[in-house]
Amino acid sequence: MEAKQYVAEIQKYLEEKDPNQSEFLQAVEEFLPTIVPFLEEHPEYVENNILGIITEPERMIQFRVPWQDDAGKWQVNRGYRVQFNSAIGPYKGGLRFHPSVNLSILKFLGFEQIFKNSLTGLPIGGGKGGSDFDPKGKSDAEIMRFCQSFMTELSKHIGPNLDVPAGDIGVGGREIGYLFGQYKRLREYDAGVLTGKPVNFNGSLGRTEATGYGAVYFVKHLLQDKGDSFEGKKVLVSGSGNVAIYAIEKVHQLGGTAITCSDSNGYIYDKAGIDLALLKELKEVRRARLTEYVKERPEAEYYEGSVWDLEKAADIALPCATQNEIDEVKAQRLAANGVKIVAEGANMPSTMAAVKVYHEKGIYYGPGKAANAGGVAVSALEMSQNSQRLSWTKEEVDQRLDEIMLNIYETCRDTAEKYAEKDNFAAGANIAGFEKVAKAMLAQGLV
Ligand code: NDP
């Protein structure tokens, strides 16, 4: 069968099988057509139905998470772990705590994670998990009781050589600490079972910063390749969580100016550049909303709605909040604002129509599975340090991160030139990520 026809049949099959999993279908639809040129060159993958197999998670676990709130009332949430692919290493991917979490979102994230992890060049498979629990407005004690209940079930399914979760939206150092404590009580002290741990108990220096820094390094290497740099560039950033904060920090270190950040209610426009010390204080210490930012920095402006509605000249956009935040209209606005590069700190923040606009307008596009791979890469470095019972310096980790991001950039660029068009980094990322996993699956008997 022709590769193109095979891909269309797989897409149709998946649409009929799980018509309600819109995010998962979107991730698959973005991915599959781009690998057709590679499949044409490798008919053995078509003959062995690799796409039918790779789009089906190896295992999905769903469980109830009962927990008691501060008023003594019993609450219940749904917990999940999607163990998508272990061809090149133990399942690896974050846990997301957000009310929107469902199987479709976790399958999209887990599917992308397979190829992202492959691109890092490190031995890690793909997985993702989480819960529809909403950490917002909860006390520390409630978060702790929820995490303990969640891990009571999850601990039966993970392990340093099996599945190593980390953080994602709503899961940072505090949550990883509580999850780790409960795992230890139930099983044994094994540092390698979770990454993103605080540095005082086997976390890696530089992990907190890694996703944001990595996304900026990806752009730095792209700019260098084009004979340019961050110096003097205006950067639009969305989000104000872990990824956004450290993307802003690295932009400023490299001579650019991040002029926006956002949360799910609104956004800040600070033309002098986001005050990072204030943002960290608000988000990492006080866990406050962005409305507080303008109270302490009245020269900045706060608006309700999406940061991508802002009409201000800028050079680079770094979406670092959540999936599908940039649609076609917002992508057109980015182009009208003069943006020349979009690199995704978040996972799938651009709809397919938005990506089409980037290509039409000649905007360089760094897809999440390449641009935000720095987080999981440093998680894999944390696993190495845990196995060695050593801890590397922050400088060493950061240097390795920069090298990994350079390697990812070059891999995407070179693979795009070989199989697609020049500078189509999305096609490059998809094909390069897929090639390694598919080869391993075939060698292992497609199990
Ligand atoms: P955080 O929970 O630390 O921050 C998330 C930020 O995004 C917050 O500012 C949040 O605002 C905003 N946000 C969340 N949901 C929405 C929404 N529906 N609409 C608008 N804004 C929203 O998460 P991270 O920074 O860790 O993750 C951000 C993105 O980066 C995600 O797509 C994640 O999958 C991706 N990512 C994260 C990695 C990591 O290492 N942490 C690694 C690779 C990718 P509010 O506070 O109002 O909810």
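Observations, loosely collected:
- The residue among 317, 341, 366 whose Cα reaches farthest toward the positive pole of the charge dipole of region 285-387, with charges on the beta-carbon of Lys, Arg, Asp and Glu, is 366.
- Taking GluC sites (Glu not before Pro) across region 145-214, the ones in a DSSP loop with at most 13 further Cβ atoms lying within 10 angstrom of their Cβ are 188.
- A simple rule links phi to the HN-Hα coupling: the Karplus curve 6.51 cos²θ - 1.76 cosθ + 1.60 with θ = phi - 60°, which for region 85-91 gives 7, 10, 5, 10, x, x, 3 Hz, with x for Gly and Pro.
- Segment residue 40..residue 285, full-extension length gain: 82.9 nm, with 0.36 nm per residue of separation and the alpha-carbon distance subtracted.
- For the chain, the dipole from Cβ point charges (+1 on Lys and Arg, -1 on Asp and Glu) about the Cα centre works out to 1140 debye, to the nearest 20.
- Theoretical FRET efficiency, 1/(1+(r/R0)^6), r = Cβ-Cβ of residue 136 and residue 49, R0 56 Å, to 0.05: 0.85
- The alpha carbon centroids of region 151-230 and region 7-82 are separated by 22 Å.
- Prolate/oblate/rounded label for region 9-91 (Cα gyration tensor, a/c 1.5): prolate
- A simple rule links phi to the HN-Hα coupling: the Karplus curve 6.51 cos²θ - 1.76 cosθ + 1.60 with θ = phi - 60°, which for region 13-27 gives 4, 5, 5, 6, 6, 10, x, 8, 8, 5, 5, 5, 5, 5, 4 Hz, with x for Gly and Pro.
- Counting only DSSP H runs of at least 4 residues, each contributing -39500 (n - 2.57), and dividing by the residue count of the chain, the helix-based mean residue ellipticity at 222 nm comes to -14500 deg cm²/dmol.
- For the chain, built as a Gaussian network whose Cα springs stay under 10 Å, the top-fluctuating residue of 194, 318, 186: 186
- Remark: the Cα gyration tensor places region 330-447 in the oblate category, a/c being 1.5 or greater and a/b not exceeding b/c.
- Whether region 1-40 is rounded, prolate or oblate, judged on the alpha carbon gyration tensor where a/c under 1.5 counts as rounded: oblate
- J(HN,Hα) series, region 428-440, from Karplus relation 6.51 cos²θ - 1.76 cosθ + 1.60, nearest Hz, glycine and proline x: x, 5, 5, 5, 5, x, 5, 3, 5, 5, 5, 4, 5
- Antiparallel bridge percentage (DSSP; both residues within the chain; nearest 5): 60
- Region 351-429: trypsin sites (Lys or Arg not before Pro) in DSSP coil with no more than 11 other Cβ atoms inside 10 Å: 389, 422
- Surface/4 of the Cα convex hull for the chain, nm²: 20.5
- Quick note on region 70-176: its Rg to Rh ratio, both from C-alpha atoms and Rh being the Kirkwood radius, is 1.00.
- For region 358-396, backbone nitrogen atoms closer than 17 Å to the point 7 Å from residue 188 Cα along Cα-to-C-beta are found at 386-389.
- Rounded FRET efficiency, nearest 0.05, which uses the C-beta distance separating residue 417 from residue 389 and R0 of 45 Å: 0.60
- Residues whose placed amide H lies under 5 Å from that of residue 196, excluding near-sequence neighbours: 204
- Rg and Dmax, both from the Cα atoms of region 107-255 and both in Å, are 17.4, 54.
- When +1 charges are put on Lys and Arg Cβ atoms and -1 charges on Asp and Glu Cβ atoms, the dipole computed for region 102-220 relative to its Cα centre reaches about 120 debye.
No lab work stands behind these numbers, since they all come straight from the coordinates. Computed from a predicted model, the values in this text were never measured in an experiment. Here Cβ is always computed from backbone atoms with ideal geometry, including for glycine, and neighbour counts include all displayed protein chains.
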